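J.: Okay, here's the structure, questions in a sec.
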Amino acid sequence: MSDYQAIVIGAGPGGYPCAIRLGQLGIKTLCIEKEYWGGVCLNVGCIPSKALINASETFQKMQKADEMGFSVSGDISVDMGKLQTWKQSVVDKLTGGVRTLLKANKVEMATGTATLIDGNTVEIEAPDGKKQKVTADHIVIATGSTPIQIPGFAYADAPILDSTGALALTELPKRMVVIGGGYIGLEMAGVYSRLGTEVTVVEMMDQLLPGFDPDVVKVLARRVKKDGVKVLLKTKANGWEKTDDGIVVNVENDKDGKQAIPADYCLVTVGRRPNTKGFGAEKLGLEMDGPFFKVDKQMRTNVPSVFAIGDIVGNPMLAHKATHEGEVVAEVIAGHNVQFDARTIPAVVFTEPEVATAGLTEPECKEQGLNYKAGKVPFAAIGKAIANNATEGFVKVLIDADTKLILGVTIVGHHASDIISEAALAIEMYAEALDVGLTIHPHPTLGESVMEAAKAALGEAVHVVNR
Ligand code: FAD
C-alpha cells in the first residue's frame, strides 16, 4: 500500500492545477514544493512582470495625460520601493490563493526539496534538513525551468541580473543593457524604459522576437525605438567590466565592430533551461528528448508510474501549456481516457503594443507550402482602438484558400492578449472564416477586429478596403 495515490513535485502552473484536479477527482495527493508555491509564474514570472508592466504603462499614461486635457502639477516620479511593495502584494494574493485552493481540495502540502528514489518513492528534505521518504502509485514531475547563464555573465555578480533580479530592483537604474530580444527581455526593457531608464537591447539574430512574423515585429520595433530603447541586432555580447560609474558591457557586430556600452545593470534573458537534473531523474533512466523529458500524449515518461508536465517537457515554455498538461495528467491518473490533443497553444508577448498568436503564422504557412489567404485589418480602422488612443498594429487572419478553415491568427496591438482567445477557440473548433465573420461581435470593441479580419480573408470586410 502506497502512502499516496499521487505525488506532484513542484507547485508551479503545471503542478498545482494538476494537484487540485487530482484532489477534485478523489485521488489522495501530496504536492511538494521547495521554494515557490505558485511556481516561477506567480512568484518571479508571469504575474510580477505583468504587475510591473501595468505600473510602468500607468506611469507613461500619466506623462501623456496632457494630450487629453488633464494637467498633472509637479514632477511625476516613481518610488521603486513602494512599487515593489505593491507588486509583492499582487504576488502574495495569488500565492496565498494557491495554498488555499490546494487545501480546499484536500491536497496535502509539503515544503521541501524532493528527490526521486524510484518510480514510486520520493525523499523530501525539509528546510530544516530533516529527510522523510514517501511512496505513491503515481509521481508527476513538474519542476519547471531556470534562466540560462551565458559565458562571461555570471548571475552571482551583482550588476548581472536574471529575470528574477530584474523584477526585484528597489532603485531605478539610469542605464540597463538587456542581452536577448526575446519576450522576457522585451517585456523588461519596456518596463524600465517607460520608467525612465536608458535601455539598450542586444540581440544575436537579425530581428527582435526571433521566430515571430516579421510583419508583426516591424510594428513592435518601431514602437520600441519611439520609446527610446536602443536595439543592436546581429550583435554578440562578449563580457563586461567594472568602471568608475558602473559597468560597461562589451558587444561586437559586423557593422560597428567592438563597442562598450555603459550601464548600471546588465539583464541576461537568453532563454530558460528545463530543470531535469539533480533530483534523481537520472537514476530512474528517464528517456530524454533533447533537453526535455520524453513523454507520450498522456504525459507519461518511459517509467509507467512517472509523468512529467510543463517547462520540462518541451516548448513553448508557457504557463497555460503547463496547466493544460497538468489537468490532462490528473484525468489520466484517475483512469479517464484522455490525452493532450490541443490544436493550438496561443502565445502572448506583453510588450506595448502586445503581440499574440494562435495557430500558424504567415511564415509557417509559407514554409509548409500551404494554399492560404490572409485577411489583415489595422486597428486604425477599429472605433474602440481610436477611442483608446491606441491604433498601432493589426489583426491578421490566415485561412485555407480552399476549405476556408482558420489556420492561424496573429495580432499586434494594444490588448492583443485579451483578443487572441477567440482565435484559439475558433482554431480548436475547426471554425471557418465565416463562423467568426458571421458571429455578431459587440460594438465598439477590439474583438471586432478579429471578425473584420476573418471577413477580409474572404474579401468581404466592410470597414477596410478588400485586397
Ligand atoms: P515552474 O513555474 O518553474 O514551477 C516549478 C516549481 O517546481 C518551482 O516552484 C520550483 O521551486 C519547484 N521545484 C523544482 N524542483 C523541485 C524539487 N526537486 N522539489 C520540490 N520542488 C521543486 N508564461 C506565460 O504563459 N505567460 C507569461 O506572461 C509569462 N511570463 C513570464 C515572465 C518571466 C519573467 C518568466 C521568467 C517566465 C514567464 N513565463 C510566462 C513562463 C512561465 O513562468 C513558465 O512557463 C511556467 O512557470 C512553467 O510552469 P511549470 O509548472 O512547468 O514550472
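J.: If N is the number of residues in segment 259-365, what value comes out of its Cα radius of gyration divided by 2.2 N^0.38 Å?
T.: Numbers: Rg = 17.7 Å, N = 107, 2.2 N^0.38 = 13.0 Å.
For segment 259-365, the normalised Cα radius of gyration is 1.36.
J.: May I pose another question? Around Val270, with a cut-off of 14 angstrom between Cβ atoms, what is the net charge of the other residues, counting Lys and Arg +1 and Asp and Glu -1? Mind showing how you got there, number by number?
T.: Values: positive: Lys236, Arg272, Arg273; negative: Asp162, Glu203.
Value of the local net charge: +1.
J.: Sticking with this one: Could you let me know the centre-to-centre spacing of segment 139-172 and segment 217-258, using Cα atoms, in angstrom?
T.: About 20 Å separates the Cα centre of segment 139-172 from the one of segment 217-258.
J.: Can I ask one more? Which of the cysteines in the chain are isolated, no other cysteine C-beta under 4.7 Å?
T.: Cysteines lacking a close Cβ partner in the chain: Cys18, Cys31, Cys266, Cys365.
J.: What dipole magnitude, in Debye to the nearest 20, does segment 160-270 give about its Cα centre under +1 on Lys/Arg Cβ and -1 on Asp/Glu Cβ?
T.: Values: 14 positive and 16 negative charges, 71 e Å.
The dipole of segment 160-270 has a size of about 340 debye.
J.: Additional query: Projected onto the charge dipole of segment 62-206 (+1 at Lys/Arg Cβ, -1 at Asp/Glu Cβ, origin at the Cα centre), which of Leu167, Ile139, Val199 gives the Cα projection farthest towards the positive end?
T.: Ile139
J.: Looking at the P(r) of segment 349-419, how many percent of alpha-carbon pairs lie beyond 21 Å? Show your work: numbers first, answer last.
T.: On the way: 720 of 2485 pairs.
Everything past 21 Å amounts to 29 percent.
J.: Give me the percent relative contact order of the chain, please, defined on Cα pairs under 8 angstrom at least 6 residues apart.
T.: Numbers: 1009 pairs, mean separation 66.2, N = 467.
Computed value for the chain: 14 percent relative contact order.
J.: Would you mind checking the radius of gyration and Dmax of segment 1-131 based on alpha-carbon positions, in Å?
T.: Rg, Dmax (Cα atoms, Å): 20.7, 71.
J.: For segment 319-384, go through all pairs of different Cα atoms, get the mean of 1/r, take its inverse, and jot down that Kirkwood value in Å.
T.: This gives a value of 15.4 Å.
J.: Over the chain, what percent of the accessible surface lies on carbon and sulfur atoms, probe 1.4 Å? Display every interim value, and only then the final one.
T.: On the way: 11500 of 21850 Å².
Solvent-exposed carbon and sulfur of the chain make up 53 percent of the total.
J.: Any idea how far the Cα center of segment 413-450 sits from the one of segment 297-340, in Å?
T.: Value for the Cα centre distance between the two parts: 28 Å.
J.: Further question on the same structure: Quick one: dipole size for the chain, taken about the Cα centre, charges +1 on Lys/Arg Cβ and -1 on Asp/Glu Cβ, in debye to the nearest 20.
T.: Values: 46 positive and 57 negative charges, 47 e Å.
Dipole about the Cα centre, nearest 20: 220 debye.
J.: Hey, got the Cα dimensions of segment 297-425 along the principal axes, in Å, largest first?
T.: Reported extents, whole Å, longest axis first: 54, 35, 22.
J.: Kirkwood Rh, segment 160-270, all Cα pairs: how many Å?
T.: 13.9 Å
J.: Here is a follow-up. Do any trypsin sites (Lys or Arg not before Pro) in segment 188-278 lie in a loop, going by DSSP, with at most 11 other beta-carbon atoms within 10 Å of their beta carbon, and if so which? Walk me through the numbers before you get to the answer.
T.: Numbers: sites: Arg194, Lys218, Arg222, Arg223, Lys225, Lys226, Lys230, Lys234, Lys236, Lys242, Lys255, Lys258, Arg272, Lys277; in loops: Lys234, Lys255, Lys277.
Counting only loop positions with at most 11 other Cβ atoms within 10 Å, the trypsin sites (Lys or Arg not before Pro) in segment 188-278 are Lys255, Lys277.
J.: If you don't mind, another one. Output ³J(HN,Hα) for segment 191-202: one whole-Hz value per residue in order, computed from phi by the Karplus curve 6.51 cos²θ - 1.76 cosθ + 1.60 with θ = phi - 60°, and x for Gly and Pro.
T.: Values per residue, Gly and Pro as x: 4, 6, 5, 5, 7, x, 7, 7, 10, 10, 9, 10 Hz.
J.: Work out, in µm²/s and without decimals, the Stokes-Einstein translational diffusion coefficient of the chain at 25 °C, 0.890 mPa s, Rh from Kirkwood over C-alpha pairs. Present the calculation step by step, with values, prior to reporting the outcome.
T.: On the way: Rh = 24.0 Å.
The calculation lands on 102 µm²/s.
J.: Can you tell me the mean projection area, over all orientations, of the convex hull of segment 102-156's alpha carbons? Units nm², please. All intermediate terms of the calculation are to be shown ahead of the outcome.
T.: Details: hull surface 24.8 nm².
Mean orientational projected area (segment 102-156, Cα hull): 6.2 nm².
J.: How large is ³J(HN,Hα), in whole Hz, for each residue of segment 31-41 in order, when computed from phi with the Karplus curve 6.51 cos²θ - 1.76 cosθ + 1.60 and θ = phi - 60°, using x for Gly and Pro?
T.: Values, residue by residue: 10, 10, 9, 8, 9, 10, 5, x, x, 4, 3 Hz.
J.: A follow-up question, please. Return the FRET efficiency for the residue pair Glu252, Tyr155: r is the Cβ-Cβ distance, R0 is 25 Å, and the value is rounded to the nearest 0.05.
T.: On the way: r = 22 Å, r/R0 = 0.88.
Efficiency, from the Cβ-Cβ distance: 0.70.
J.: Gain in length, Thr58 to Thr85, computed as 0.36 nm per residue apart minus the alpha-carbon separation, to one decimal in nm?
T.: On the way: separation 27, 0.36 × 27 = 9.72 nm, distance 1.65 nm.
Computed gain between Thr58 and Thr85 is 8.1 nm.
J.: Determine how large the accessible area of Ser2 is when every protein chain is in place; take a 1.4 Å probe and give Å² rounded to the nearest 10.
T.: 40 Å²
J.: Let's test the formula: R0 of 45 Å, r as the Cβ-Cβ distance of Arg467 and Glu282. What FRET efficiency results, to the nearest 0.05? Kindly include the intermediate steps, with their values, before the conclusion.
T.: On the way: r = 56 Å, r/R0 = 1.25.
Efficiency, from the Cβ-Cβ distance: 0.20.
J.: Next up: Determine the per residue accessible area of the chain with all protein chains present and a 1.4 angstrom probe, expressed in square angstrom. Please list the in-between numbers first.
T.: Details: 21850 Å² over 467 residues.
Spelled out: the 1.4 Å probe surface of the chain, per residue, equals 47 Å².
The values are calculated or read from the model by the stated rules, or taken from the named source; none is laboratory data. If you're wondering where the values come from, they're calculated on a predicted model, not measured in any experiment. Methodologically, a virtual Cβ is constructed for each residue, glycine included, from the backbone with ideal geometry; neighbour enumeration extends over all protein chains shown. In case anyone asks, the SASA skips ligands and DNA or RNA and just uses the protein heavy atoms, side chains included. Shrake-Rupley method; radii C 1.70, N 1.55, O 1.52, S 1.80 Å.
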